[in-house]
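The values are calculated or read from the model by the stated rules, or taken from the named source; none is laboratory data. Computed from a predicted model, the values in this text were never measured in an experiment. Because the Cβ atoms are built from the backbone with ideal geometry, glycine has one as well, and the counts that use them run over all protein chains shown. Remember, those area values only see protein heavy atoms, side chains included, never the ligands or the DNA or RNA. Shrake-Rupley method; radii C 1.70, N 1.55, O 1.52, S 1.80 Å.
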Amino acid sequence: MTVADKPSGYTGTQILLHWAIAALIVVQLVLGEDIKPAHRAFSRGTEPAAADMFNANIHVYLGLAVLVLAIWRLAIRLQRGAPAAPPGESVMLKRIAAATHLVLYLVILGMPVTGALAWYFGLGTMGEVHELAKPVIVIVVSLHAAAALWQHFYVKSDVLVRMLRPARRLS
Ligand code: HEM
Ligand code: HEM
């Protein structure tokens, strides 16, 4: 795909999906531990307390919402492609950005799937993968956010603005 074939920016739907998923991921990271008491109770074969089950349901349903939104988002992304990197960006930086975005897509699709396999099918290994991913996600999202702010304030490219304002001419 040449630069001329690439869309000039993101659609309003893509932007809404980006920020809705980002907010849900942050909530899941902050409140993730709240599902553990209920999960432990089920693993022991006992009934969880009502309050623990309430907390667990919040984690499960917000997480499944991320999966639905992520599939929607990936479908639009595959259909439209992504806008070109800022002019003059080095090949190395382009590769780092593409790799980071790939990891972030793996996170928003993979976390709900591993969580669901642990929760609904009692797959302990998937639960471990799900838990071990937490620090990795914190690091990758921090780098991603820092890169966006660096592009905006230091490089002065349109990268952050195009994830805030829909492109006028959508191709
Ligand atoms: C966006 C998606 C999700 C994120 C970012 C996320 C994040 C987390 C975090 C941070 C923890 C705590 C890890 C720790 O304290 O070490 C956790 C635990 C857990 N999550 Fe999720 N989660 C997501 C979706 C889901 C879904 C959809 C389910 C189930 C349907 C689920 C089931 C679980 C279970 C069962 C645990 C406890 C694992 C254990 O005790 O071994 N998660 N999650
Ligand atoms: C959990 C949180 C986040 C996730 C999962 C996430 C995920 C993603 C993904 C997958 C893309 C690639 C879009 C595509 O081409 O389809 C992207 C782009 C972008 N993200 Fe995030 N993001 C998160 C948080 C943030 C934050 C906090 C910021 C800003 C401070 C940010 C700023 C951006 C910008 C500016 C782009 C556009 C990059 C470009 O057009 O080259 N994101 N994000």
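For the chain, modelled as a GNM with alpha-carbon contacts under 10 angstrom, which of THR11, THR46, THR114 fluctuates the most?
The residue with the greatest mean-square fluctuation here is THR46.
Any idea what angle helix 91-121 forms with the longest principal axis of the chain, computed on alpha-carbon atoms, 0 to 90 degrees, nearest 10?
For helix 91-121, the angle is close to 20 degrees.
Please compute the length gained on full extension between LYS134 and GLN79, using 0.36 nm multiplied by the number of residues separating them and subtracting their Cα-Cα distance.
So the extension gain works out to 16.8 nm.
Would you mind checking the tilt of helix 124-150 against the longest principal axis of the Cα atoms of the chain, expressed as 0 to 90 degrees and rounded to 10?
Helix 124-150 sits roughly 30 degrees off the main axis of the chain.
Give the accessible surface of the chain per residue, rounded to a whole number of Å², with probe radius 1.4 Å and ligands, DNA and RNA excluded. If you can, show how the numbers build up before the last one.
Numbers: 10860 Å² over 171 residues.
It amounts to 64 Å² per residue over the chain.
Helix 50-80 versus the longest principal axis of the chain: what is the Cα-based angle in degrees, 0 to 90, to the nearest 10?
For helix 50-80, the angle is close to 30 degrees.
How large, in percent, is the carbon and sulfur part of the accessible surface of the chain at a probe radius of 1.4 Å?
Roughly 70 percent, rounded to a whole number.
With a/c under 1.5 counting as rounded, go ahead and sort the chain into rounded, prolate or oblate using the C-alpha gyration tensor (a ≥ b ≥ c being the square roots of the eigenvalues; past the cut-off, prolate if a/b is larger than b/c, else oblate).
Taking the square roots of the gyration eigenvalues as a ≥ b ≥ c, the chain is prolate.
Would you kindly state the longest site-free stretch of the chain, with sites defined as trypsin sites (Lys or Arg not before Pro) in a DSSP loop (not H, G, I, E, B) surrounded by at most 14 other Cβ atoms within 10 Å?
1-155
How much FRET efficiency would the formula 1/(1 + (r/R0)^6) give for SER8 and ALA145, where r is the Cβ-Cβ distance and R0 is 30 Å, rounded to 0.05?
Using R0 = 30 Å, I get an efficiency of 0.80.
Please enumerate, by chain and number, the lysines with C-alpha under 27 Å from the C-alpha of LYS36, excluding those fewer than 8 residues away in the same chain.
LYS134
Between TRP72 and THR46, what is 0.36 nm times their sequence separation minus the Cα-Cα distance? Round to one decimal in nm.
Gain on stretching TRP72 to THR46: 5.7 nm.
What does the charge add up to near ALA97, with Lys and Arg as +1, Asp and Glu as -1, over the other residues with Cβ less than 15 Å from its Cβ?
So the surrounding residues net to +3.
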